[in-house]
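Below you'll find the structure, written out as structure tokens, and then a few comments.
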Amino acid sequence: MAGLVVLGNASQPVAGDLIVSEPPPLLHLLPGNPPLVLVVNGSRLFEVDVEYFDQLRQDGEGAEELLNFGTPLAAPATGNVPLVPPNAISLNIAQSCNLSCSYCYADEGRFGKHPVLMSKKVALAAVDQLFEGVVPGQRATVGFIGGEPFLNREVLYATVEHASKQARSSGSRVGFSVTTNGTLLTKADLGLLRDHSFAVSVSLDGSGEINDRHRRARNARVRVRRARDARCDRQVMDRGRASGRLRGFLL
Ligand code: SF4
């Protein structure tokens, strides 16, 4: 039974900035008064006595009892189920934003004054890892989120190009998604969204007046108008595969 128990959240090894997949722990030991044990399968939390807690910590003796407690007919523990390779990834390519929304979870877009952009190396490695598990004919999806992903335009473009190549060479298909505040979109960006299979979500907040009050720009007050300009771009609206989604959000 030793080896089943991991104290707290063990830091996972990384290679090339990507998380290496390992069998997850079955139990987490949480020292304290009283000591607690979290059984991952079913997210069950147990209060245990100190003696039993120490036993678990030393050699895992008695862990079976907890793993099976109250679940005689339970499905196999999560740790025993092989992980299926993902067919979709979501890349946070810009932990940074050009807006400063009043309610932003990320320190009004400042991200604790530590903005970070994902490197091209990491983004392309993530795409390579995705396509290792994609079979011919399957459709993979690469999503871009932030912050504001278009602050890291170069990496976004490179990733789209790389994923498209990977899909062609592996006989699979790829689609993309992006969540953007829409304020930095250029004509070239609209062309990218049009020319690839993109689902685009543009975040606005209520009417133009309410949006501009709460979704403040750092250096200008023309944001909603710029987003509307994107909606009116005939190039996108007439022919773009992204146009349906844009129409839905930019009313
Ligand atoms: S657009 Fe999003 S990430 Fe940027 S400041 Fe507003 S809520 Fe935060």
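The residues 210, 93, 145, when put in order of fewest to most other Cβ atoms within 10 Å, stand as 210, 145, 93.
Arranged from fewest to most other beta-carbon atoms within 10 Å of their beta carbon, 105, 157, 52 become 105, 157, 52.
Between residue 199 and residue 65, the modelled labels are 4.8 nm apart [label points 7 Å from Cα along Cα→Cβ].
All of the numbers you see were taken from the coordinates with simple rules; none came from a lab. Just so it is clear, the model here is predicted, and its values are computed rather than measured. Cβ sites come from the backbone with ideal geometry, for glycine too, and all protein chains shown count toward neighbours.
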